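The structure under discussion appears below in the form of structure tokens.
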Amino acid sequence: MKKNKPVVAVLSLVFLFIFSSFQFTLSDSLDDYINAKLSNTDEELIIEIHKPGANFGDDQELVWSPNNITEHREMQISIFALHFNQLNQIDTLNLKWIFHSENIDITYSEFNITDYTRNSTNNGMIVTALFTYDEETWSGNYTLVVQLNLSDGSSLSGSSEQIIFKEHDFLLIMNENTGDNFVCSCSQTNFNLTILNSGSSESSFSLTIAYSYVEYKEFSIEIQEAGSGDDEITEETIALSGGESHSVIIKFVPANGILPNRHYTIRPLDVNIIYEADGDENIELFDGILSFKLFSLPEYSQPEAMVKIIDYNYENMFSANSSYIGDNETVYTLGAEHLFLEYDVHNLGYKNAKINLNYSTNLGNIKILYNGLNLTLTEFNEMSNTIQQRGKITFQVFVEIDPEIENTLFELDIKFAAAYVTNTAIRLSYSPLERNDIISSTISNVVFESIDEVRVIPLKIDTSFLDNLTYFENKWSLSCSNVDGFMIVIIGLQSPCNGDNTSLPDNVNATYDIEISVENWNPTQIIDIQISLYHEPSFTLSSLSQRVNISLKLEIQEGNDPVSNETGDNNTIIDEDERDLDVDNDGILDSQDNCLNTKPDAIVDSFGCEVVVQDTSGDTENSDSIAVKSDENEFLSYAIFSVIAIIAIVMLQFYRLKKSKHEQPISSTVNEDTPLPLSNTPYQGLKPVVLQQWTDANGYSWRQMSDEKIMWWNGTDWIPYGKN
């Protein structure tokens, strides 16, 4: 199938736009700064110069030294473009350096940069590029002109003025500017001090170095020229041109009393730097005693180990004095079959240290993952890995554990030589629940007395006692067994409880009302439901859960709606082998007999039930049986009612004729109050009467009415058969 190229292009643009919305977004204060800059310029771009790592809007670095060392000659050029976004494609980024002499402006250099980054802001984009200038750069004033050439043929431009390259400057470099000026009572320490003329190539200055003669109690200082052997110097003067440097060695010789882990300050040299300008004018660049800070280290130290278990949000720093584990610091493994630990081991001593590991717990198989290798403990130790002064080594530990581990220590010893050992001990346990119930109900059996009844039971959930555990995330959810035909609602959470988990508040301690209703009852069935509480941590899976079981049963009170068979009538279902029998010899086959045990010679009705004649003058609704009329009584009742109706009609007509003689004129229309003729049915509109009543073998009472309806007694009222 061919691709729809326009659709693909549109989707690509949409994706690019969405991606740009997730880029780094600057704060409102930066937007205010940019708006202020834009209000003071007509240029399309805002250009800023910084040292690498600075942010747009930080103080700019506009003064530079031509002959600095390489890392000091790197500029960060930041370019802000208003209303610019990721959809604007840059073709070229052009930089032009313009040198300002006394009489003329000269284009010193011009070139394109292809390596840059783009970051979105609220109202535009910042393009950032790094640029290292040449050590032969002329000293003087410069303007940097930047032009963004876009792929659609358009371009944006801007500039930064007042950039200065100094004619004369210097730089002091101690131990290559590593910042690690460490000493030890165990050994002499040498420091390399370099003084660089970082001014322009045409410049030169005179450097004078002299011993300061400052005395110290804990140590002494010696000065010698680099590469000159052991000869000490007291004072010397050297001429340095732009880009040239001179180095001396500062020897730190410890004496009695130097303590580890202390800061010391040394002032070893008196330095004077004089720049010789035109006309024999001397400009003093520096005159004073140099000062340096040192930090003393022990010869060897106990290993320091940062241990992390990411899945359980565990992080702990171990040192020589950290063997105690608090009661609330157990790591709960939640049914996991292995642990993955990350170790960062630091050497805090002066001398390099070889690391050795010792596994002192018999939990299961253990592996060390280091530099992409999957090693046994023995293989790792045989590598003789060395940690440099104030350095570190990183490795991972994979260990198998019992899914139901209980109160067991994982211990890994880290050794530097034989006497320097740090024990990393972590207490592991499967679950913090033990025998504590966090979910319970005072009701385990619920009886429903009617089909449509709704029952409410209390459900107690208490996880608050787990809140003080450092490495256990106290998050839970509630779920109910999903059985068709019933509904469970958690009233306190206003949500149904079904097969889907319902999240509970953190550290929950509450009693919820659980509302239960059943739609499809089978009276012979007891429904068992489970309400379960599941642990749901953020970083890993958990097998922790607790549940309560509740049984539901329907027990309809006597006198309620009888249970019908599948055909909807009141006939008892008979086995096929018995359907043509008549066990009580009442003339009604058992397949049609509702009363199978009638007395011999008893009078029965068409349902096989005995007919009992009773007095019907009493309160028929409060008695258990009514007298049954015979066929003759039924005819007599019809005749009496017919005679009464005829007499009523004759008397009414006679009354109207007598009255009409006294009323003039006689209306030719029929009065609306004139009763209509009765139908031929003699008892129409009259209350039905009981023609027959009986009680079947199951104890239910029945009536056959004069309007051909069958009624049954539900314990309170006579109601038509088929209704509840």
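The values are calculated or read from the model by the stated rules, or taken from the named source; none is laboratory data. Quantities reported herein were computed from a predicted structural model and do not represent experimental measurements. Note: ideal-geometry Cβ built from the backbone for every residue, glycine included; neighbour counts use all protein chains shown.
Table for the structure above
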{"item": "Output for region 264-313, where each listed residue is part of a strand (DSSP E or B), exposed (fewer than 14 other Cβ atoms within 10 Å of the Cβ) and among the β-branched types (Val, Ile, Thr)", "result": "Thr265, Ile283, Ile289"}
{"item": "Which numbered condition Arg390 fails, given (1) surrounded by fewer than 16 Cβ atoms within 10 Å (Cβ to Cβ); (2) part of a loop (DSSP other than H, G, I, E, B); (3) within 28 Å of the chain's Cα centre (by Cα)", "result": "(3)"}
{"item": "Residues that are outside any strand (DSSP E or B) and within 17 Å of Tyr420 (Cα to Cα), drawn from region 339-366", "result": "Asn347, Leu348, Gly349, Tyr350, Lys351, Asn352, Ser360"}
{"item": "Residues located in region 138-189, provided they are buried (at least 17 other Cβ atoms within 10 Å of the Cβ), among the small types (Gly, Ala, Ser) and closer than 26 Å to Ser301 by Cα", "result": "Ser185"}
{"item": "Matching strands (runs of 3 or more DSSP E) fully within region 151-246 where at least 2 residues are closer than 23 Å to Arg262 by Cβ and within 52 Å of the chain's Cα centre (by Cα)", "result": "182-184"}
{"item": "Complete set of residues in region 197-254 that are at pLDDT below 85 and in contact with a Lys or Arg (Cβ under 7 Å, 6 or more places away or on another chain)", "result": "none"}
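Conditions (1) of a type in the set (D, E, K, R); (2) surrounded by fewer than 18 Cβ atoms within 10 Å (Cβ to Cβ); (3) not assigned by TED's automatic domain parsing to the domain that holds Gly243, marked per residue:
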position: Ile79; (1), (2), (3): no, no, yes
position: Gln89; (1), (2), (3): no, yes, yes
position: Thr92; (1), (2), (3): no, yes, yes
position: Lys96; (1), (2), (3): yes, yes, yes
position: Ser109; (1), (2), (3): no, yes, yes
position: Ser120; (1), (2), (3): no, no, yes
position: Gly124; (1), (2), (3): no, no, yes
position: Glu136; (1), (2), (3): yes, yes, yes
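Rundown of residues vs (1) within 28 Å of Glu329 (Cβ to Cβ); (2) modelled with pLDDT of 95 or more, yes/no style:
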| residue | (1), (2) |
| --- | --- |
| Glu379 | no, yes |
| Val397 | yes, yes |
| Glu406 | yes, no |
| Leu409 | yes, no |
| Arg427 | yes, no |
| Asp437 | yes, no |
| Ser440 | no, no |
